[in-house]
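This report refers to the structure that appears directly beneath it.
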Amino acid sequence: MARIFCIANQKGGVGKTTTTVNLAAGLGRIGQRVLVVDLDPQGNATMGSGIDKRALELTVYDVLLESASIAEARRRSDKAGYDVLGANRELAGAEVELVELERRDKRLKAAIAAVGDEYDFVLIDCPPSLSLLTLNGLCSAHGVIVPMQCEYFALEGLSDLVNTIKQVHANLNPDLQIIGLLRVMYDPRITLQQQVSEQLKSHFGDKVFNTVIPRNVRLAEAPSYGLPGVVFDPASKGAQAFIDFAQEMVERIKTL
Ligand code: ADP
Ligand code: MG
């Protein structure tokens, strides 16, 4: 059965999507079978994997409303090296439609279970909110990967997410745990970032991944080519860091 992880942080622009597609591509390179689930109506993980969100007939929206299975709605990205359950703007409506429905927070979980033995990893790219969409992600997952920038308010922003994860763990999904905090867009020349990084380590201990993702322009350029950075420029510092991170995840799941 696949190990299922949410990439979540209720802040926008912190590197969730970049982490999702590059971890997926890194895992693909070392022979892991990966499904990326795009749970953000912006569809950035879909586009960043080389799949045109506007051309999709079936998306995660149809899966949540149970009018399609993942087997029907997924697409293979040969370039990126993994499968994608895509999203587009239509998904924004699911939030409202789901509220009315039964098992509204468990629908993604049921859908993933049906394809779970076809994958080693399922990575769910969450929207920048603690919404019903994110809840579907958290209810489906074994763990959460939290990308974060080492900025002044980083720790403060984390407490809402940590509380939500605790509540989901207690009430809805006893499997759920924080797998780790991933330091992203890191610039070691900035003293403040070093300090926050140290604070994170002293506060969260081995919940902080060893791998650090540097700020690297190649990672930012890659989405406009419809590719994860790991595929776009594998030799770049950013890509190398995500390849290391994929290896770290493979090791980490052995301990779960
Ligand atoms: P989120 O999904 O949390 O909103 P994104 O992954 O889309 O965040 O990242 C926000 C922006 O920062 C994007 O333009 C992305 O290309 C850029 N970015 C993310 N990680 C890096 C990095 N390590 N180095 C440089 N730019 C990055
Ligand atoms: Mg995103």
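The values are calculated or read from the model by the stated rules, or taken from the named source; none is laboratory data. Since this is a predicted model, take the numbers as computed values, not measurements. We place every Cβ from the backbone using ideal geometry, glycine too, and count neighbours over all the protein chains shown.
No other residue among LEU176, LEU200 is of a type outside the set (Lys, Arg) and either surrounded by fewer than 17 Cβ atoms within 10 Å (Cβ to Cβ) or in contact with a Gly (Cβ under 8 Å, 6 or more places away or on another chain) (or both) apart from LEU176. Of the residues making up the stretch 60-77, those that are surrounded by fewer than 20 Cβ atoms within 10 Å (Cβ to Cβ) and either in contact (Cβ under 8 Å) with a residue 12 or more places away in the chain or in contact with a Leu (Cβ under 7 Å, 6 or more places away or on another chain) (or both) number 7. In summary, ALA241 fulfils each of the numbered conditions (1) more than 17 Å from the chain's Cα centre (by Cα); (2) closer than 29 Å to LYS53 by Cβ with the single exception of condition (1).
The residues of the stretch 1-42 that are modelled with pLDDT under 95 and more than 10 Å from ligand 2 (Cβ to nearest atom), listed by number, are MET1, GLN10, LYS11.
Looking for something on the phi < 0 side of the Ramachandran plot, charged (D, E, K, R) and in contact with a strand residue (DSSP E or B) (Cβ under 9 Å, 6 or more places away or on another chain) - is there at least one such residue anywhere in the stretch 189-197? No, every residue in the stretch 189-197 fails to be on the phi < 0 side of the Ramachandran plot, charged (D, E, K, R) and in contact with a strand residue (DSSP E or B) (Cβ under 9 Å, 6 or more places away or on another chain). Considering the stretch 152-166, the residues that are surrounded by 15 or more Cβ atoms within 10 Å (Cβ to Cβ) and of a type outside the set (A, V, I, L, M, F, W, C) include one that is farthest from ligand 1 (Cβ to nearest atom), namely THR164.
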